[in-house]
Amino acid sequence: MTKNLFKQSVAALAVLGAMPTFAGPATYAGSLCTSVSGFSAPSMFRSGRLINQTGAALEVVCPVQRNVTIPGFNETVSFLVTARDPHLTENVCCTATVTESDGTALASDTGCTSGADTANPKTISLSVPTTFASVSGFIALRCELPGPYSGFQSALSSFYISE
């Protein structure tokens, strides 16, 4: 009896694993992002943070897995970016864009941190308006981190996406 129940459980899990996946949330480490500006690379830490120790402003692009198997006209994308912003006059700013495979931007949202804080992380909330992108379309996240300020560096800790 136990052996038969085990076989049925394995079969049920195999069927569930073969079903198409549905959109869902995912969290990514900031260290997955790649610098696209400047001549110096940001520092990556074991904790998963990307820290701008380059001495100047830095722009990075972050990979995002699009979790939609069948596109729909009501597709929405939300981001929650966690960053450190110690700069008094500049902010960490991010832009999320839903894009077609040929690079045509369909919809985007931009947000920035406000005020300086050397000890506590800040969040940037982005919500891309409802749009329709083909199956081969993609999502792009781009962030700008200011240079050091009074010995403190800006950092991109993580980004959370929900579709």
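The values are calculated or read from the model by the stated rules, or taken from the named source; none is laboratory data. All figures in this text were calculated on a predicted structure; none of them were measured in a lab. Every residue, glycine among them, receives a Cβ derived from its backbone with ideal geometry; neighbour counts consider all protein chains shown. When the accessible area is computed, the model is the full protein with side chains, heavy atoms only, and any ligands, DNA or RNA have been set aside. Shrake-Rupley method; radii C 1.70, N 1.55, O 1.52, S 1.80 Å.
Couple of notes before you dig in:
- Contact annotation: residue pairs with Cβ atoms under 8 Å, 6 or more positions apart or on different chains, pairing a residue in segment 46-65 that is more than 19 Å from residue 110 (Cα to Cα) and of a type in the set (Gly, Ala, Ser) with a partner that is part of a loop (DSSP other than H, G, I, E, B) and open to solvent by 20 Å² or more (accessible area, probe 1.4 Å), are 55/40; 55/148; 56/38; 56/40.
- Given (1) within 22 Å of residue 40 (Cα to Cα); (2) within 12 Å of the chain's Cα centre (by Cα); (3) of a type in the set (Val, Ile, Thr), index of the condition residue 161 fails: (1)
- Total residues in segment 46-76 satisfying the condition of being at pLDDT 80 or above, in a loop (DSSP other than H, G, I, E, B) and either β-branched (Val, Ile, Thr) or surrounded by fewer than 17 Cβ atoms within 10 Å (Cβ to Cβ) (or both): the figure is 9.
- Residue in segment 143-152 that is in a loop (DSSP other than H, G, I, E, B), touching a residue at least 12 places away in the same chain (Cβ under 8 Å) and of a type in the set (Phe, Trp, Tyr) present: no
- For segment 115-134, a residue qualifies if it is assigned to a strand (DSSP E or B), more than 21 Å from residue 51 (Cβ to Cβ) and among the hydroxyl-bearing types (Ser, Thr, Tyr), and the qualifying residues are 125, 127, 130, 131.
- Number of the exception - residue 87 against (1) out of contact with any Lys or Arg (no Cβ under 7 Å at 6 or more places or on another chain); (2) more than 20 Å from residue 26 (Cα to Cα); (3) outside any loop (DSSP other than H, G, I, E, B): (3)
- Single unsatisfied condition, residue 133 versus (1) farther than 13 Å from residue 90 by Cα; (2) out of contact with any Pro (no Cβ under 8 Å at 6 or more places or on another chain); (3) not aromatic (Phe, Trp, Tyr): (2)
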